[in-house]
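Chemist: Would you mind keeping the following structure in view while I ask a few things?
No lab work stands behind these numbers, since they all come straight from the coordinates. Predicted model, so just to flag it, every value in this text is computed and none were measured. Note: ideal-geometry Cβ built from the backbone for every residue, glycine included; neighbour counts use all protein chains shown.
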Amino acid sequence: MAAMFSDSLKRLQVPAVLTALINDTTGTLIASNYVDPNTKIAVIFGTGCNAAYMETAENIPKMSAVGLPPKQGMAINVSPACVHMWNELMVV
C-alpha cells in the first residue's frame with residue numbers, strides 16, 4: 001500500500017515524500033508520545049478496537065538484526081480487532 005501511495009504522489013506531482021504509512025491508533029500514539037514522552041499506549045474505540053503501545057527495541061527479538069540502539073523506542077500496533085470481546089461484553 002505504501003508503494004502505491006508513493007507512486008500516486010509522484011504521478012500527481014505532489015511535492016511530498018512518503019516516509020511512513022500508519023493507522024490512526026499508531027498515529028495517535030506517536031503524536032501523543034512526542035508531546036508527552038510518558039504516553040505509552042493508545043486505544044481507538046470506533047467500529048472496532050485498535051491499540052498500540054511503546055516498546056524498546058531490546059524487547060523485540062525480531063528487531064535485533066536491524067541494529068537499533070537497545071533503548072530505541074518503537075510503536076507496536078497490535079490492532080486486536082476486539083470484535084469477539086465486544087460480542088461477549090454485549091451479552092452480559
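Chemist: Please work out which one of (1) crowded, with 17+ Cβ neighbours inside 10 Å; (2) more than 14 Å from Asn77 (Cβ to Cβ) is the condition Ile44 fails and give its number.
Modeler: Result: Ile44 passes all but (2).
Chemist: When you check Met54 against the structure, is it surrounded by 14 or more Cβ atoms within 10 Å (Cβ to Cβ) and under 18 Å from the mean Cα position of the chain (by Cα), yes or no?
Modeler: yes
Chemist: Now, a different point. Hey, among the residues in segment 20-73 that are hydroxyl-bearing (Ser, Thr, Tyr) and assigned to a helix (DSSP H, G or I), which one's nearest to Ser6 (Cα to Cα)?
Modeler: Top of the filtered list is Thr26.
Chemist: Something else about it: Does Ala51 satisfy being among the hydrophobic types (A, V, I, L, M, F, W, C), closer than 17 Å to Val78 by Cα and free of Cβ contacts under 8 Å to residues at least 60 places away in the same chain?
Modeler: Yes; evaluated as a whole, the condition is true for this residue.
Chemist: Could you please find all residues in segment 1-18 being in a loop (DSSP other than H, G, I, E, B) and of a type outside the set (Val, Ile, Thr)?
Modeler: The answer is Met1, Leu12, Gln13, Pro15, Ala16, Leu18.
Chemist: Of all residues in segment 3-41, which are surrounded by 11 or more Cβ atoms within 10 Å (Cβ to Cβ), more than 22 Å from Lys71 (Cβ to Cβ) and small (Gly, Ala, Ser)?
Modeler: Correct list: Ser6, Ser8, Gly27.
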